[in-house]
Amino acid sequence: MDVEGFWELVESSARETTSRKERVGWLEERLSRLPVKEVVDYQAWFTLCANRACTWDMYAVCWTVAGSGSSDGFEYFVDWLISLGRETFEKITGCPDRILELPEVQRLFELSRTYCHERTSVSEDGAFRLLRLTRVRLQYWPNEDWPEFESFAYVACEAYQRITGVEDAHPYDAVQARGITRVFPFLSNRAQPEGEEWDFGDGAEFERRLPRLAHHYATGNELQPATPWPDSPGWGPTRAWEFCRNGAGDRCVRRQRLHFFAPNFAWVAMDRDSAV
């Protein structure tokens, strides 16, 4: 299987299905019809694509758009990026700052407006600004739209097990025997994202590297990720207030998170005040 064959399978799986679950099943079924060597080919091309996208600038894009900074979350973000097809993948890996052009990301902005309301008001004398954010639903984005697609990365492994009949068999050793090493999971002793590591919270550096993304998410001199609170689906309705004294440089933030439930405990309410 050459690179064209790899991308044809990826893009056909999107055309022939209507949900992520169906898409994963479609790919597993198609791959399981192929010789073992071609399944290894598929995994090799997938690994090479994921390695290309594992850069510090792309990590910053993931942190900003998805509101998540975990290494696992970044890996699943790259899986999602590959699932969007060759043209999109080449565009974004060539220039991560173009992520805002994607219809899938523009849809996230629209969903954010639906799932989260924001209002800003200024005092009569202009001395204070009040920003109010209200999150009104259990999940920030529906699962089908979330910019992560972990299961998409496992289809070759499932097909490999079907063909070989060996439980827990996987094609990674065969891929590595070709001299191809997985960068993910990164931040380990063996791998780091490509490029120069930099501080995503540094507004000036962020604007230099990713000017369009910085302009979209900038708040004053600070960069804020897409979600101003934890992005786990377990978080329920949330309200956040931010009080700024205009021109004074000081800020007080108060957040109230309501109805958080997780296994073994329930966190009904939490207030936090902090000054910067």
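The values are calculated or read from the model by the stated rules, or taken from the named source; none is laboratory data. Note that the structure is predicted; figures quoted are calculated from it, not measured. Every residue, glycine as well, gets a Cβ built from its backbone with ideal geometry; the counts of neighbours run over all protein chains shown. For accessibility, only protein heavy atoms count, side chains too; no ligands or nucleic acids. Shrake-Rupley method; radii C 1.70, N 1.55, O 1.52, S 1.80 Å.
Per the listing Lys37, Lys91, the residue uniquely open to solvent by 30 Å² or more (accessible area, probe 1.4 Å) and either of a type in the set (S, T, N, Q) or under 25 Å from Phe206 (Cβ atoms) (or both) is Lys91. Residues that are over 19 Å from Tyr160 (Cα atoms), in a helix (DSSP H, G or I) and aliphatic (A, V, I, L, M) are absent from segment 34-45 altogether.
Here is a check on your reading of the model: is Val136 in contact with a Cys (Cβ under 9 Å, 6 or more places away or on another chain), surrounded by fewer than 13 Cβ atoms within 10 Å (Cβ to Cβ) and modelled with pLDDT under 90? Yes: the conditions hold for Val136.
Can you tell me which residue in segment 51-79 is farthest from Arg208 (Cα to Cα), limited to those that are of a type in the set (A, V, I, L, M, F, W, C) and open to solvent by 10 Å² or more (accessible area, probe 1.4 Å)? It comes out as Trp63.
Only residues that are farther than 17 Å from Val61 by Cβ, assigned to a loop (DSSP other than H, G, I, E, B) and modelled with pLDDT of 85 or more: list them for segment 170-195, please. His170, Pro171, Arg178, Gly179, Ile180, Thr181, Arg182, listed by residue number. The condition of being open to solvent by 30 Å² or more (accessible area, probe 1.4 Å) and under 22 Å from Val175 (Cα atoms) holds for only one of Glu22, Glu4, that being Glu4.
Selection of segment 39-75 for residues being at pLDDT 95 or above and of a type in the set (Phe, Trp, Tyr) yields Tyr42, Trp45, Phe46.
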